[in-house]
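The values are calculated or read from the model by the stated rules, or taken from the named source; none is laboratory data. Only a predicted model underlies this, so the values are computations on that prediction, with no experimental measurement involved. Every residue, glycine as well, gets a Cβ built from its backbone with ideal geometry; the counts of neighbours run over all protein chains shown. SASA here: full protein model, heavy atoms, side chains in, ligands and nucleic acids out. Shrake-Rupley method; radii C 1.70, N 1.55, O 1.52, S 1.80 Å.
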Amino acid sequence: MIKTDEIILKIERYASPELAESWDNTGWQINLHHDYTNRVLIALSFTKEVLEQAITNDCDLIITHHPPIFHKLNKIDNNVLIQAIKHNICVYSAHTNLDKTYGSTTDALCGVLGLKNLVTVNDYIKISHLKDEIALDEFVLGIKQSLNSERIKLINPSNVQTVRNVAICAGAGGSYIETLNDYDVDLYITGDIKFHAALEVEGFAVADIGHFESELPVLPLIQGLIAKTGVETIIAKEQVPWTYI
């Protein structure tokens, strides 16, 4: 067993809570003040299925990227939160601070996609300048293979054919479409592009790889970070909450 404070300190030294946005709820979600932690489950989101895995694997701490408590609570009536407390399981989340730190969710995604020579645009977006120009179709196929993804939503009103400069933002990056108009970008890789954001795309293509798929690569990073304390870690098995028919 490892001191719980050591695990949390490891995370917070890597991704300081001070980096989190003011609207965010990074940090403890359920703090039962365990002095020691036996086993940690790492997940993107705190769901019933994730909690069941924590219970099955005798985990007493769950580390998530998405905070399960996001808005002000007037009462605790969420059964998943209640069951976690009943099973003596703590929950801690590293959200926008992990998105903004050096070695962020976007950096993790770039690593999986093999994108290097990164230039920082803002707290969330990086641009990779490829060594050689590559056909868009070929590049998108490489993304699908790297992420083991069957489908990618491509938005390409300007009929971009080749890629040299690639912008990347893990998570929901639709709000940055207009920002990228000021940069020399051929392709923007992100997730959760909504209809009206898609209408704003002009001069470059957008590959919407999915919110879940874009952030999944950060979980092994968190696992490696926490494992340095000596605690046993498990990455949860998660799926997107829909199917394609």
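Using only the alpha carbons, work out the radius of gyration and Dmax of region 35-79 in angstrom.
11.7, 32
Looking at the square roots a ≥ b ≥ c of the eigenvalues of the Cα gyration tensor of region 169-245, which shape do they give, rounded for a/c under 1.5, prolate if a/b is larger than b/c, or oblate?
Oblate is the answer for region 169-245, as a/c is 1.5 or above yet b/c matches or exceeds a/b.
Which FRET efficiency, nearest 0.05, do K3 and E238 yield, Cβ-Cβ r, R0 30 Å?
Rounded to the nearest 0.05, the efficiency is 0.60.
If packing is taken as the average number of other Cβ atoms within 10 Å across a peptide's residues, how do 19-25, 165-171, 109-115 rank, most packed first? It would help to have the intermediate numbers written out before the result.
Numbers: 19-25: 14.4, 165-171: 24.3, 109-115: 18.9.
Put in order of decreasing packing, that is 165-171, 109-115, 19-25.
For A227 and E52 in one chain, what is 0.36 nm times their gap in residues minus the Cα-Cα distance, to one decimal in nm?
Answer, rounded to one decimal: 60.8 nm.
What do you get for Rg/Rh of region 55-142 when both radii come from the Cα atoms and Rh is the Kirkwood radius?
So for region 55-142, dividing Rg by the Kirkwood Rh gives 1.16.
Using 7 Å Cα-to-Cβ label points, what is the I76/E150 separation (nm, one decimal)?
Using points 7 Å along Cα→Cβ, the separation is 3.9 nm.
Give me Rg over Rh for region 51-100, both radii from the alpha carbons and Rh done the Kirkwood way, two decimal places.
Rg divided by Rh gives 1.00.
Taking the full set of protein chains and a 1.4 angstrom probe, give the accessible area of R164 in square angstrom, rounded to the nearest 10.
Spelled out: R164, probe radius 1.4 Å, area about 100 Å².
Amide H to amide H under 5 Å from E21: which residues, 5+ apart in sequence or cross-chain, H placed 1.01 Å off N in plane?
Here T96, N97 satisfy the definition.
For region 137-239, what is the accessible area per residue in Å², given a 1.4 Å probe and the full set of protein chains?
So region 137-239 comes to 51 Å² accessible per residue, rounded to a whole number.
Give a residue-ordered list of calculated ³J(HN,Hα) values for region 63-79 (Karplus: 6.51 cos²θ - 1.76 cosθ + 1.60, θ = phi - 60°; whole Hz; x for Gly, Pro).
Working through the residues one at a time gives 9, 10, 7, 8, x, x, 9, 10, 10, 4, 9, 9, 7, 9, 10, 7, 5 Hz.
Determine, at each q value in 0.09, 0.15, 0.18 (inverse angstroms), the log₁₀ of I(q)/I(0) that the Debye formula gives when each Cα of region 1-150 is one equal point scatterer.
Log-scaled intensity ratios, in q order: -0.38, -0.88, -1.09.
Would you work out the Kirkwood radius for region 117-212? I mean one over the mean of 1/r across all pairs of different Cα atoms, in Å.
13.2 Å
Pull out the extension gain between V112 and L32, defined as 0.36 nm times the separation in residues minus the alpha carbon to alpha carbon distance; nm, one decimal. Present the calculation step by step, with values, prior to reporting the outcome.
Details: separation 80, 0.36 × 80 = 28.80 nm, distance 3.53 nm.
Here the segment from V112 to L32 would lengthen by 25.3 nm.
Could you give me the ³J(HN,Hα) list for region 151-159, computed from phi with Karplus coefficients 6.51, -1.76, 1.60 and θ = phi - 60°, whole Hz, x at Gly and Pro?
Whole-Hz 3J(HN,Hα) from phi for region 151-159: 9, 9, 7, 9, 10, 9, x, 8, 6.
Between W28 and residues 5 or more places away or on another chain, which pairs have amide H atoms under 5 Å apart, with H built 1.01 Å from N, and which residues are they?
Answer set, sorted by chain and number: S93.
Taking the Cα centre of the chain as origin and charging only Cβ (+1 Lys, Arg; -1 Asp, Glu), how large is the dipole, in debye to the nearest 20? If you can, show how the numbers build up before the last one.
Details: 19 positive and 32 negative charges, 109 e Å.
The dipole of the chain has a size of about 520 debye.
Checking the table K126/K228; K144/K194; K48/K144; K126/K237; K10/K126 against a 22 Å threshold on Cα-Cα, which pairs fail?
K126/K228; K48/K144; K126/K237; K10/K126
Computing the accessible area with a 1.4 Å probe over protein heavy atoms, can you report the carbon and sulfur percentage for region 166-237?
The computed percentage sits at 51.
With +1 on each Lys and Arg Cβ and -1 on each Asp and Glu Cβ, how big is the dipole of region 108-245 about its Cα centre, in debye rounded to the nearest 20?
400 debye
Roughly what would the spin-label model give for F195 and Q83, points 7 Å off Cα along C-beta, in nm?
So the label points at F195 and Q83 sit 3.5 nm apart.
Need one number: nm distance between label points at T120 and T179, each 7 Å from Cα along Cα→Cβ, rounded to one decimal.
Reported label-point gap for T120 and T179 is 1.2 nm.
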